[in-house]
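The values are calculated or read from the model by the stated rules, or taken from the named source; none is laboratory data. Since this is a predicted model, take the numbers as computed values, not measurements. Using ideal geometry, Cβ is built from the backbone for each residue, glycine included, and neighbour counts are taken over all protein chains shown. Please note that ligands, DNA and RNA were not included when accessible areas were found on the heavy atoms of the full protein model with its side chains. Shrake-Rupley method; radii C 1.70, N 1.55, O 1.52, S 1.80 Å.
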Amino acid sequence: GAGVSQSPSNKVTEKGKDVELRCDPISGHTALYWYRQSLGQGLEFLIYFQGNSAPDKSGLPSDRFSAERTGGSVSTLTIQRTQQEDSAVYLCASSSDSNAGANVLTFGAGSRLTVL
Amino acid sequence: AQSVAQPEDQVNVAEGNPLTVKCTYSVSGNPYLFWYVQYPNRGLQFLLKYITGDNLVKGSYGFEAEFNKSQTSFHLKKPSALVSDSALYFCAVRDLLSGGSYIPTFGRGTSLIVHP
């Protein structure tokens, strides 16, 4: 597609429920990133996918968080048993291959999650 | 881990005046540095990057940044601010994950407010 698409744009859920956030990257981009943006906290790295390699999950804050990327394209971030501190904007980005970190990321508009 | 610091949460400037948004970095080795901008309810957009070469880097929308190795800084500048420049600005640095991948690590962001 023309840009990175994320859905839903807004999600309100009750504490303890599971949520799934979807990211559709730019076609042909092999690298995909998930970040979390909390008020006053900047962007927190969550997980990174590169091609068919195993993802780097070192940023996931707890085992309630998981992500997958099917067919090297669409990615889903799943948060199980949501807590109020999970409330944030979840940003997805994609880029062409890593290029040793010199590549520019294209971000989606984000999914705003509110846990009541 | 590599990091960047944005010492100002908010910068206020009058339209037509020059603006500076500050960023300092802490890295081992040569830094790869980036600036992104986030307009309200939008994802981050790339402005410019420094990898190597000239210390003065020119980017989108009339912005530029100067890489200063002795001061470990990469401040974002624009000669004449516009009201439409009002947004959240993020500095980022290439970081190495424990799994051997490179990703950008972001600062906390600086809110730029340009007054008419």
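Annotations
- Residues of region A:70-95 satisfying the condition of being open to solvent by 60 Å² or more (accessible area, probe 1.4 Å) and either small (G, A, S) or within 13 Å of chain B (Cβ to nearest Cβ) (or both): A:G71
- Residue selected from region A:1-30 under the condition assigned to a strand (DSSP E or B) and polar (S, T, N, Q), by the criterion farthest from A:S94 (Cα to Cα): A:T13
- Taking the criterion of being assigned to a loop (DSSP other than H, G, I, E, B) and closer than 13 Å to B:G109 by Cβ, the residues of region A:31-55 that qualify are A:L39, A:G40, A:Q41.
- Meets criteria (in contact with a Lys or Arg (Cβ under 7 Å, 6 or more places away or on another chain) and without any contact (Cβ under 8 Å) to a residue 40 or more places away in the chain) for A:R81: no
- Scope region A:56-69; condition within 11 Å of chain B (Cβ to nearest Cβ), open to solvent by less than 40 Å² (accessible area, probe 1.4 Å) and either part of a loop (DSSP other than H, G, I, E, B) or modelled with pLDDT of 95 or more (or both); matching residues: A:G59
Here's the yes/no breakdown for (1) part of a strand (DSSP E or B); (2) within 24 Å of A:R36 (Cβ to Cβ):
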position: B:V11; (1), (2): yes, no
position: B:Y25; (1), (2): yes, yes
position: B:P40; (1), (2): no, yes
position: B:T52; (1), (2): no, no
position: B:V57; (1), (2): yes, no
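- Selection of first residues in region A:102-116 that are free of Cβ contacts under 8 Å to residues at least 24 places away in the same chain and of second residues that are assigned to a strand (DSSP E or B) and open to solvent by 10 Å² or more (accessible area, probe 1.4 Å), restricted to Cβ pairs under 6 Å at least 6 apart or on distinct chains, gives the following pairs, ordered by first then second residue: A:V104/B:F46.
- Yes/no for A:G28 being buried (at least 18 other Cβ atoms within 10 Å of the Cβ) and at pLDDT below 95: no
- Counting the residues of region B:50-77 that are closer than 25 Å to B:N12 by Cα, within 14 Å of chain A (Cβ to nearest Cβ) and buried (at least 17 other Cβ atoms within 10 Å of the Cβ) gives 2.
- Some residue of region B:78-89 being hydrophobic (A, V, I, L, M, F, W, C), facing another protein chain (nearest Cβ under 10 Å) and either open to solvent by 10 Å² or more (accessible area, probe 1.4 Å) or closer than 22 Å to A:S94 by Cβ (or both): yes
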